[in-house]
1. For region 219-261, which chymotrypsin sites (Phe, Trp or Tyr not before Pro) are in a loop by DSSP, counting at most 14 other Cβ atoms within 10 Å?
2. At Gln107 and Ala75, where each label point lies 7 Å from the Cα along Cα→Cβ, what is the point-to-point distance in nanometres?
3. Enumerate by residue number the GluC sites (Glu not before Pro) in region 112-172 meeting two conditions: DSSP loop (anything except H, G, I, E, B), and at most 11 other Cβ atoms within 10 Å of the site's Cβ.
4. When the label point is put 7 Å from the Cα of Asn229 along its Cα-to-beta-carbon vector, which residues of region 252-290 have a backbone N closer than 12 Å?
5. Please tell me which of these pairs span more than 22 angstrom C-alpha to C-alpha: Lys36/Lys163; Lys182/Lys234; Lys109/Lys163; Lys18/Lys103; Lys146/Lys196; Lys34/Lys103?
6. Classify region 180-301 as rounded, prolate or oblate from the Cα gyration tensor: take a ≥ b ≥ c as the square roots of its eigenvalues, call it rounded if a/c is under 1.5, otherwise prolate when a/b beats b/c and oblate if not.
7. Which loop-located trypsin sites (Lys or Arg not before Pro) does region 45-85 contain, where loop means any DSSP state but H, G, I, E or B and the Cβ has at most 12 other Cβ atoms within 10 Å?
8. Can you list residues whose amide H is under 5 Å from Ala72's amide H, if they're 5+ apart or on another chain and H is modeled 1.01 Å from N?
Amino acid sequence: MKILITGATGLVGSELVKLLLSKNHSVNYLTTLKSKIKSKPNYKGFYWNPQQGRIDESCLYGVDAIVHLAGANIAKRWTNAYKQEIIESRILSSELLYNMIRKTPNQVKQFISASGTAIYPESIPKVYDETTKESEDSFLSNVVKKWEESANRFQGFGIKVCKLRTGIVLSNTGGALPEMVKPIKIGFGAAMGNGKQMQSWIHINDLVAMYYFALENKLEGVFNAVTSNPVSNKELTIVIAKTLKKSLFLPNVPQFVMKLILGEMSYLLFSSKNLSSDKIQNLGFQFQYPKIDKALSDLYS
C-alpha cells in the first residue's frame, strides 16, 4: 500500500513510518517544515500549512489510506491561546485533508485518525468500552468530540473511517513516561492525589502495531488503543520505581498543589479512565506488552 501520514515525525508517527517501510509499504508524509521534506525510495515528504490552508496536493497521488496523527501536544500549560491551538491543530488539518480529497482525484479507501480517551466519563470501578455513550463535559472531551466529528466527515466519500482512542503512551523517548520517571530517578517520586485514579495505557510498540493492524484489516469504527490491564496511579508509580530500582519516600502529592503548578492541565494527572480493549482483541489483535511490569521492563531494562 501507499499511505499518507500526518504527524509522521512525532512520537507515534516516526515509529509507524519505520514499521511500514520494513513491511515494504510506501509512505508519503506531510510536514509544515520545508527543511524536513525528504525524498527517498518509498518515503517522500510534502509541504502543508493547515493554518494557511495550503497543501501540496500531489501528496495524494497513488495513496490507498491516510493516517492522521497531527495535533498539538496536550502536555503543555493550557493557556487560552494554547487551548485554541490544541483544537485548531486537529480540526483545521482534518478540514484541509477533507477539502483536498473532495476536489482531487484519488483512490483513498481508508482514513485512520488518532483520538483520545478523554471522551469517556471518569471511572474507577466501572470499566468502559467503545459503546459507552455518556461523556464528561470538559475541555479535552470536547476536543475529542470535535476531532472525531471531523474524521467522520470522510465517510461521505465512501471511505472507511477508523478512530483509535489512545490512552497514556509508554515510550522512553517522549510523551508522559519520561516526565514520570524524572522525579523517581532522583528520589522525589510520589503518587498523585489519592493515587486511586485509573490510568489506561499502551506500549508504543503495541500502539504502532495497532495502527498497522487497522490498516491491514481495513477496520472502521472506534477502538480503544489501550491494554485491558489499566493500573492505578499509585501502582504505576510503584512499578516505575521498582523497575528503576529506586525507593519512594514522599507522601502523595495533593491535587491542589499540582493545579497551582500546572493549571488546568493538571487534569491529565488526576483523570481516571478504566477502559477495555476487548473489541479490537476480539478481531485478532494481540498485545506484545499487556502488563505494566513487562512494558516498563522493556523500556527501562
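The values are calculated or read from the model by the stated rules, or taken from the named source; none is laboratory data. These numbers were taken from a predicted model, which means no experiment stands behind them. In this analysis, Cβ positions are derived from the backbone assuming ideal geometry, glycine residues included, and neighbour counts consider all displayed protein chains. Surface areas here come from the heavy atoms of the whole protein model, side chains and all, with no ligands, DNA or RNA. Shrake-Rupley method; radii C 1.70, N 1.55, O 1.52, S 1.80 Å.
1. Hits after loop and neighbour filter: Phe249.
2. Rounded to a tenth, the inter-label distance reads 3.9 nm.
3. Of the GluC sites (Glu not before Pro), the ones in loops of region 112-172 whose Cβ has at most 11 other Cβ atoms within 10 Å are Glu134.
4. Label zone hits: 287-290.
5. Numbers: Lys36/Lys163 27 Å; Lys182/Lys234 16 Å; Lys109/Lys163 15 Å; Lys18/Lys103 31 Å; Lys146/Lys196 29 Å; Lys34/Lys103 24 Å.
Result: Lys36/Lys163; Lys18/Lys103; Lys146/Lys196; Lys34/Lys103 exceed 22 Å.
6. Prolate shape, in that a/c is at least 1.5 and a/b is the bigger ratio.
7. Working: sites: Arg54, Lys76, Arg77, Lys83; in loops: Lys76, Arg77.
Sparse-neighbourhood loop trypsin sites (Lys or Arg not before Pro): Lys76, Arg77.
8. Counting only residues 5 or more places away or on other chains, the set is Ser89, Arg90.
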